[in-house]
Ligand SMILES: [Zn+2]
Ligand SMILES: [Zn+2]
């Protein structure tokens, strides 16, 4: 029995278990469903079902490695794309370590160009985030080896926290309109379901992406420019922040940043020596006068230029790094909640917003909780599952719990010995 057949049997058993329930999304019968079939490795899409029971029956018969549904609702989900009759879509966000420069991806992620004409013989190999085009040959196809470590999850959690803060406090969505999920691999999905967002087109969704990404934010007040001191000189804009939206976010962020910043931190972000030392020497009074009392121009040597530099730096820390394409695509397919991820054997799982800090996907998303199996591991970093620590492994034969063996097998790092 091949390792993949062994994993297939596990997926079969999981979905065929009588206790398996498909957690149906809202507007269930108006959505398009898509399945990547485990054995055939083929995509079946444009499916719709009247009930979750019918969908479950289909899954039990065909056994998918991955299950998706459209973020959109359609009059006829089974019709061709242009005849489906789009009648709205959830607003979705994908926060994935694939798109965030983490310090760990250089260690555990690797790509290899598969273009046969690559100028590097055998195909160029690189570490970290997979490029759009191979630097050696402009090829766009790669073999990608990734890993989901605790730091990946921690990094995506930070981005998720920032995004949720914007959705709740800047956009004013309520907690019950926002669904938060662990993606089943190395990130989080946020789905917003609200009357106000369902009809938004791509352009409107792009505006939301820009807001979340901090693009096009005018942080100084053009109307309150100081008059030019001398004839022929341009006027100086004033720096001002208020308590709404990005301005509130920047004001709080600048306060937090300056509370801890050392002189060398300030020099690193491009401040003059004079401004940096003034800021650290008179920290408390500057925090009070400039930020709390909104008198940004009241300290000599700390002017518009300085505040703009700090604001720019803080803005870059405050943006939420999302996969922008997912949010703007109004026909997007997204992994279905409660189903297995074909690259990990972990589940996509929903959890309440207030549990973001304590939610441990390496415990809660574990699907295979019984049995052990002997595997030959080629190479794997240390990892945790269900509270147990495994590895690091290098060319080792070992007995592992099913969930750990499924993960390593799907990641191409182990062979099941049976
Ligand atoms: Zn190449
Ligand atoms: Zn990592």
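Computed from the coordinates by the stated procedures, all read-outs in this text should not be read as laboratory data. A quick note: this is a predicted structure, and the numbers were derived from the prediction, not measured. Cβ placement follows ideal geometry from the backbone for every residue including glycine, while neighbour counts extend to all protein chains displayed.
Based on alpha-carbon centroids, what's the gap between segment 57-74 and segment 252-291 in Å, whole number please?
53
Averaging sequence separations of C-alpha pairs under 8 Å and six or more residues apart, then dividing by the length of segment 33-137, give the relative contact order as a whole percent. Can you show the working numbers first?
On the way: 130 pairs, mean separation 18.7, N = 105.
In percent, rounded to a whole number, it is 18.
Multiplying the sequence separation of residue 203 and residue 363 by 0.36 nm and subtracting their Cα-Cα distance, what value in nm do you get?
53.7 nm
Taking springs between alpha-carbon atoms closer than 10 angstrom, which of 148, 404, 50 fluctuates most in the Gaussian network model of the chain?
Per the Cα network of the chain with a 10 Å cutoff, 50 tops the list.
Using alpha carbons only, how many degrees (0 to 90, rounded to 10) separate the axis of helix 245-260 from the longest principal axis of the chain?
80
222 nm [θ] for the chain, helices only, -39500 (n - 2.57) per DSSP H run of 4+, per residue, to 500? Kindly include the intermediate steps, with their values, before the conclusion.
Numbers: 14 runs with 128 residues, N = 418.
Mean residue ellipticity at 222 nm (helix-derived): -8500 deg cm²/dmol.
Full extension from residue 2 to residue 272: what is 0.36 nm times the residue separation minus their Cα-Cα distance, to one decimal in nm?
Here the answer is 90.8 nm.
How much length is gained if the chain between residue 417 and residue 280 is pulled fully straight, taking 0.36 nm per residue apart and subtracting their Cα-Cα distance, in nm to one decimal?
Difference between extended and current length: 43.1 nm.
Along Cα→Cβ, 7 Å out, is where each label goes; now give me the distance between the ones at residue 248 and residue 170 in nm to one decimal.
Inter-label distance under the simple model: 1.1 nm.
In whole percent, what relative contact order does segment 105-157 give with Cα contacts below 8 Å and a gap of six or more residues?
Values: 86 pairs, mean separation 21.6, N = 53.
The normalised contact order for segment 105-157 reaches 41 percent.
How high is the relative contact order of the chain, in percent, counting Cα pairs under 8 Å that sit 6 or more residues apart? Write down the numbers at each step before the final one.
Values: 731 pairs, mean separation 72.6, N = 418.
Worked out over the chain, it gives 17 percent.
Note down the nm distance, to one decimal, between modelled labels 7 Å out along Cα→Cβ at residue 47 and at residue 317.
About 4.8 nm separates the two model spin labels.
Return the Rg/Rh value of segment 6-83, two decimal places, where both radii are evaluated on C-alpha atoms and Rh is the Kirkwood radius.
0.98
Compute the distance in nm between two label points, each set 7 Å from the Cα along the Cα-to-Cβ direction, one at residue 238 and one at residue 62.
6.3
What are the principal axis extents of the Cα atoms in the chain, in Å, biggest first?
83, 53, 46
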